[in-house]
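Notes for the one structure printed next.
Derivation of every value follows stated rules applied to the coordinates shown; laboratory data play no part. Just so it is clear, the structure is predicted and the values come from calculations on it, not from any experiment. Here the Cβ is made from the backbone with ideal geometry for all residues, glycine too, and neighbour counts use every protein chain on show.
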């Protein structure tokens, strides 16, 4: 993007469209927390997708009934196909249970849809208005992690710690481990490296690759179940930084042989096996193997029949760390070529290789991130992807030509785009938001031309009195940092207002985006602006979508440059004459809880009030994969761990600090804040504490409103 255009975007002031300064309605806390998923959410379709290359469908609510419509690029009319009531009529006639809502639907052809009801697969013919049960999966009680193959009657599932196959409703065990600490078919490496499942079907569904994880060498960690009397201990395996980690292998089950082989992977037992990818012909499995130090990676090929090593396709190394997050992407037009994603040059980009390991060409380059590779067209002419090519705050649909590496921007509207491609890649259903657009859905041609608009959602908060929001940048050590600031309603620049700083500032997170609500998950910031607060957030170094150098600035010293950037934000606030610098609070969760506690203890007196949720206190007690990537081990980096172990700074606390934790937290274990509390007691320091019994790392469900009431009340009382 041209520099001048970028600067113009950066300094732009974003305000909510059509907000009246004289609006009388005020948000309640219930509105702020719960409303974004109900009455204050922008209108959207429950489902939207493609029927075929030309026709698309969407599900809208008509008189409280989900109703399916369709249209096409050449048709200006919207045609109703059927409603939930239509599907339920045959069920009622047969005195069967009816659907309470429309499940995800898939069009089989221009008159039939397919949907699942529990473990039953139905087809509904909306011409004849008949439902047909086409298949019923008969999983045993307790079946989890269900993964259906392309062969409809076959599925994998887990029960307890073993993996099973359901084939024509006859199930058999793939594994039969008695020891509960050997786990099959489930996620490994604590869901790092993009891992979110434990089974991987081959393209034709003949073979199943799966993870096998041996945790016997990992220490038990107790989670207390307080719902029983007496309370009982539930042990989990939690590998802490520098300690023994679990050991993983990869099995391959053959439906034909009804047996498994294991890939013959060499190397240290505690290395990481990631980005499992099948070759299109099912003959080869590719695995990205990362050493425990996470600074060397090999992409290896293995024979799926024997498990034998074939060759190393490519290698990467980095003086700090590597984090492979994406599997190989094979071209439809040429199964011997694949696209690999790498940030070796400083930004995540696309590279075209052949399966011999030869780099054919680099496809994308520039100071932007490829966020997601979507697909390639059937002709093999273009790769479609989402990127930050316009701004780090935006997600834009692009395509790159495999012939000449020309990158074309397809979605031209500023904002955050999510798209669904038609089967022939001629059209896209483009849903996007920005700080001034609650939601808009357009039908877009692959040239970028908007064919027609499908939905424009009204501003759901236009009748509320809300403070102005702006997004811009400040500079710290020649690095531009994005900030978001809310002013109180009825703002008076001659007055002094208290300020709440909300932060995260850790890896893989971005608080500020050009999207509806500016990247906020709810309306709490606007609610606090209504209460007379300035609310401020800054995405400092270490946060997401700004390139490798920006993220790796925190390496081996968590909390150091992040604190510098947060204090730069305070320097900016000092220059705003309306901010009362004697009444500044700070709040964050998880990494943000760590940063909140760190700033209260290592920079005492700067913030008057802090609220830290689920805080990491001692990185030596956090899990291996995440912590060692960014901090190395405690033995390798003793000073880094010591300088950011917040137990060492307890006596520095000034002002008010509230720690909050879920008692069943298995991510940042409860002991972090318990140890901090004990240290405060030992030092004679008064601090406040609140726990949420039975909650994991986040307080969700009905108790989330209670959490925000607690946080809000603490700021109002003390700030």
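Among 494, 513, 112, which comes first, then next, by fewest other beta-carbon atoms within 10 Å? Walk me through the numbers on the way to the answer.
Values: 494 6, 513 26, 112 16.
By the 10 Å Cβ count, ascending, the order reads 494, 112, 513.
When a/c reaches 1.5 or more, the comparison of a/b and b/c decides; with that in mind, is the stretch 47-135 rounded, prolate or oblate per its Cα gyration tensor?
Details: a/c = 2.03, a/b = 1.57, b/c = 1.30.
Prolate, because a/c is 1.5 or more and a/b exceeds b/c.
Restricting attention to the alpha-carbon atoms of the stretch 286-433, what are Rg (one decimal) and Dmax (integer), both in Å?
Taking only Cα atoms of the stretch 286-433, I get Rg and Dmax of 16.3, 51 Å.
Calculate, in whole percent, how much of the Cα-Cα pair population of the stretch 228-339 lies beyond 22 Å.
Working: 2767 of 6216 pairs.
The proportion of pairs with Cα distances above 22 Å equals 45 percent.
Which order results if 303, 101 are arranged by neighbouring Cβ count within 10 Å, fewest first? Could you put the intermediate results ahead of the total?
Working: 303 16, 101 8.
Final ranking by Cβ density, sparse to dense: 101, 303.
Give the label of the value calculated from the structure for Cα Rg over 2.2 N^0.38 Å, choosing from (i) 0.95; (ii) 1.09; (iii) 1.00.
Answer label, from the structure shown: (iii).
Using alpha carbons only, how many angstrom separate the centre of the stretch 268-285 from the centre of the stretch 118-160?
28 Å
Based on the mean of other Cβ atoms within 10 Å per residue, sort peptides 210-219, 165-174, 83-92 so the most packed one is first.
Numbers: 210-219: 19.2, 165-174: 15.0, 83-92: 17.2.
Descending packing order for the listed peptides: 210-219, 83-92, 165-174.
Let me have the 222 nm mean residue ellipticity of the chain computed from DSSP H runs of 4+ only, each contributing -39500 (n - 2.57), with the sum over all residues rounded to the nearest 500. Don't jump to the answer; show the numbers that get you there.
Values: 11 runs with 104 residues, N = 719.
My calculation for the chain gives -4000 deg cm²/dmol from helical runs alone.
So how far, in whole Å, is the C-alpha centre of the stretch 369-392 from the one of the stretch 166-209?
Going from one Cα centre to the other spans 30 Å.
Taking the Cα atoms of the stretch 158-236, what is the range of coordinates along each of the three principal axes, in descending order and whole Å?
Sorted largest first, the three principal extents are 50, 32, 22 Å.
With only alpha-carbon pairs counted, each pair once and no self-pairs, how large is the Kirkwood hydrodynamic radius of the stretch 573-719 in angstroms? Each step should come with its number before you reach the end.
Details: mean 1/r = 0.0631 Å⁻¹.
Answer for the stretch 573-719: a Kirkwood hydrodynamic radius of 15.9 Å.
Any idea how far the Cα center of the stretch 560-632 sits from the one of the stretch 699-717, in Å?
Centre-to-centre (Cα) distance: 20 Å.
Give the relative contact order (percent, whole number) for the chain; include only Cα pairs under 8 Å separated by 6+ residues. Please report the intermediate quantities before stating the final value.
Working: 1649 pairs, mean separation 74.5, N = 719.
Normalised by residue count, the contact order of the chain is 10 percent.
What ranking do 67-73, 35-41 get when scored by the average of other Cβ atoms within 10 Å per residue, highest first? All intermediate terms of the calculation are to be shown ahead of the outcome.
Numbers: 67-73: 18.7, 35-41: 14.1.
Top to bottom by mean Cβ count within 10 Å: 67-73, 35-41.
Of all the C-alpha pairs in the stretch 143-327, what % are more than 23 Å from each other? Kindly include the intermediate steps, with their values, before the conclusion.
Working: 7631 of 17020 pairs.
I get 45 percent for the Cα pairs in the stretch 143-327 exceeding 23 Å.
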